[in-house]
1. Give the separation of the Cα centroids, region B:106-176 to region B:580-656, in Å.
2. Which residues in region A:23-38 have a backbone N closer than 13 Å to a point placed 7 Å from the Cα of A:Arg73 along the Cα-to-Cβ line?
3. What does the net charge come to around A:Ala173 if you take all other residues with beta carbon closer than 15 Å to its beta carbon, with K and R at +1 and D and E at -1?
4. For A:Asn158 and A:Glu27 in the same chain, what is the full-extension length gain: residue separation times 0.36 nm, less their Cα-Cα distance, in nm?
5. Could you grab the relative contact order for chain B? Cα pairs under 8 Å, six or more apart, rounded to a whole percent.
6. Return the Rg/Rh ratio of chain B with Cα-based radii and a Kirkwood Rh.
7. Looking at chain A, what % of the alpha carbon pairs are farther apart than 21 Å?
8. Can you list the trypsin sites (Lys or Arg not before Pro) in region B:1-76 that are in a DSSP coil and have 16 or fewer other beta carbons within 10 angstrom?
Amino acid sequence: MRFGVVIFPGSNCEQDVVHAAGHLGYEAGYIWHGDTDLSGYDAIVLPGGFSYGDYIRCGAVARFSPVMSEVVRFAEAGGPVIGICNGFQILTEAHLLPGALLRNRGLKFICKTADLRVEESACQWLDLAPGTVLRIPINHNEGNYICDEETLARMEANGQIVLRYCEADGSRAEGGSAPNGALDDIAGICNERGNVFGLMPHPERVVDPLSGGTDGAHIFEGIVRRIAEVG
Amino acid sequence: MPTPETLPADLAPKLAVELGLKLDEYEKVVAILGRVPSVTELYMYSLMWSEHCSYKHSRKALKMFPTAGDHVLQGPGENAGVISVGDGWAVAFKMESHNHPSAIEPYQGAATGVGGIIRDIFTMGARPIASLDSLRFGTLDEPRQRYLFEGAVAGIGGYGNCLGVPTVGGEVYFDKAYEGNCLINAMAIGLMREENLTRAVAAGVGNLVLLIGSTTGRDGIGGASTLASQEFDEKAEDKRPSVQVGDPFEEKLLIEACLELLDAKLLVALGDLGAAGLTSSASEMASRGGVGLDIDVTKVPQREEAMKPFEIMVSESQERMLAIVTPEDLAAAQAVCAKWGLRSTVIGEVTGTGRFVVREGDVVVADMPAATLAHDAPVYDPAMERPAYLDEVQSFDPLALPHPTGRDALSATLLEVLASPNICSRKWIWEQYDHQVMLNTVVLPGSDAAVLRIGDTGRGEMTGVGIAVSTDCNGRYCYLDPYVGAQIAFAEAARNVACSGARPAAITDCLNFGNPEKPEVFWTFHESVRGLADACTAFGVPVISGNVSFYNESFGQPIYPTPTVGLVGIVNDLDDRCTMEFKNDGDAVVLLGRTKAELGGSEYLAVMHGMVAGKPPALDLVDERRLHELLANAILTGIIRSAHDCSGGGIAVALAESCVAGGRGATVTTGSDLADAVALFSETQSRVVVTVAPDHYDALKRLAATHGIPCENIGRVGGDRLRIGDAVDVSLADLRDAYEPTLERLVHGG
């Protein structure tokens, strides 16, 4: 089992993801955005950061990096693709996931720990009981998820909503629990097939208790377990 | 002799004065060159000999600082200081001001302040791992101050977040004294293996000068001389074109490319282009190496047309680095730059002449001994005079004022002090900063000091060692007594670090003052430096880097003397780190140190009486050091559950903050016989509130006795109210409401 973590110019969480995987005892390596060889990797992670400075629109340039056509192929073949923060933004720009991420409501960058409720979903990589509350930091300027009503209804019906912002007890506040104003408190979604998963929170920041928690480990462990099961 | 730019002998001195040189300085340039300087030469000398680049007014005073220590790998004089933190790891750090650009354009001013100090760090071969920012503004009831504050915070976040360098701490004060001249002091810290320490020293005749990164434009021309080395007046807005514009994405690529180049040993030397641009970077590298440089400005990639040689030489366009490479390594070095999408261009070569020659194609436009730019600036001994205001403010006795009495009035007073913009929670600021990236922020912002693990996720090497970092300076104290105030800046930074379980290792400083040519201002500068130097010497802590920022005045009114201290301490074992929040109901609350009647310069005096007066609290460096020894030893025994120092707002605020942070109340006394208001809000130094399990109190008391530190059990943690004797009784919810939302409310004009 080996995670491949893509480095775009301006990525800045790639080392954290590799370290987090290593901390949990998994192998991980870097994939330069100009490379197109994904062989040897069992799961692809698009890490957080500011790919291409996030100029034009977050992720808008990165989706044209040479590696992305291979990532699309990998996803189409059913391989696990995880986009964290900027990686999530890139996945929406690449149309591997629906919707878009707008500037936070309040127009401020937000770095803080968020409460997240695990929803009943098609996501193949998160084997936690629906209703479980995870505490994972968010760190972004553009996490305000949006999509049209039809898409939202379809995602809901397909079980594509994986994580929602919530209160500490798992409830959702009237008027929304999303600190960034995200539609329907959406923090993480997957594609219909459940193998492409994008989330704004940074699980790699909370795998080591020294840096404040271990809830992020579930995401890494979920992938590894599932791949082991499938073989 | 540079012919095409030759100036008529009568025009040259006029241009020199316009560029900020004094007439006798101009004469010195003529004497060095043995002729009338060219336009390009005049620009280069005027910038390199500006206060900002040459420290001509401060250089002598700075010699008072102790700079040596066993663990010092690089002291002042390089882009940043470097200390060893054990096991082959070294930490580089420095603090620098970007006050004047920020006062004109807060977002870009603050952003490029962060960018500049971070370049100083990776220039040394270190990966930037954290930054902190010490900020001063006028009061937030003024719309312009809100604009400056909000813009500066956004700029710091916008730049640092994009780089992926966590912003882990800092401080902010609001006071009318900074209304016309805000302060933006940015500190950056980097981590490296000792063997990767790189210096900006050019060497090897025939080696090539490689310019890496952004193109060169007309932005920031004369920033060091027209912005940083002059006071503000009504024309300040016209200086907006002198403010640089930052591109953090380009800088992120520069960090990765430069660290890769240094790891691969492809560079002879590396320097960044900061104030005075190519002129300062190149001349400093040449003069440190005792070599000459020959540069052709037509080779410099330009983003604007028809740039003159002097514009190219002094442009402060951001995100540029200057490297020296051997001809053999050039191709490999350029390949690394290309991989990161960075421009790299050979613009000249190292010569054995010791002269800095600038050409425009075949034509020489400047030719001077390189060392004269970097090191021969005049050194002044400015006149000093004790300011007349001191007697007046110091003779004021705050104890003679009417003070609130009774539980209701004192409880209300505590809430008011807690809600002061200078005391209240800084969460609104640090939630806009990525403070966690790199996974090493072990103690998040909001405690006494930030604690970082020494580890490099990129190399996959993590250690159990940490550093604790704090920036501090109470400008009010420095205004009331610059000698004592500067010592307290040091003591508070060291105490914050001690409360986190670290021992102080070294400091950087950023000395912000008014116009040094005014004897009263210079006296405050000299006293502050003397105070800081004495404090450092008493603690055996060296100053390894720093920055002086003069001319912080507007309309002739100087800011408070503000010698900001950035202190790095070492936590030998991260398991021994300590934080400020109350952790267990039933724990004993213990006051280390003794409260005296010291309300001079206090937050209470400012908030409740609208005054900045009196003598600042006294500081006994021997007591202070003993207290830190006690803390270090007590934390090592594992009995200390929380530690928080008493500073602004006194013991009342310290207790309230530990309650709010821990989500627990406490029932305590002040441990003092003084009148309630005085006991609660006195800002006596060398005091720390700690908690221990009740069984451990006796052990702590014995340990305190061996260190000669007063130690008194003043109560218990628990409940949902803070009760302090008969004086204060406030619910946790009320404390939180006073403490937490204030800053955001004020920013929105509430």
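1. 28 Å
2. Counting backbone N atoms under 13 Å from the label point, the list is A:35-38.
3. Every neighbour counted, the sum reads -2.
4. Length gained, A:Asn158 through A:Glu27: 43.9 nm.
5. Dividing the mean separation by the residue count of chain B yields 15 percent.
6. 0.99
7. Percentage above 21 Å: 50.
8. Sparse-neighbourhood loop trypsin sites (Lys or Arg not before Pro): B:Lys22, B:Arg35, B:Lys63.
Coordinate-derived values only; no laboratory data. Quick caveat, the model's predicted, so the values are computed rather than measured. Please note: Cβ atoms are built from the backbone with ideal geometry, for glycine as well, and neighbour counts cover all protein chains shown.
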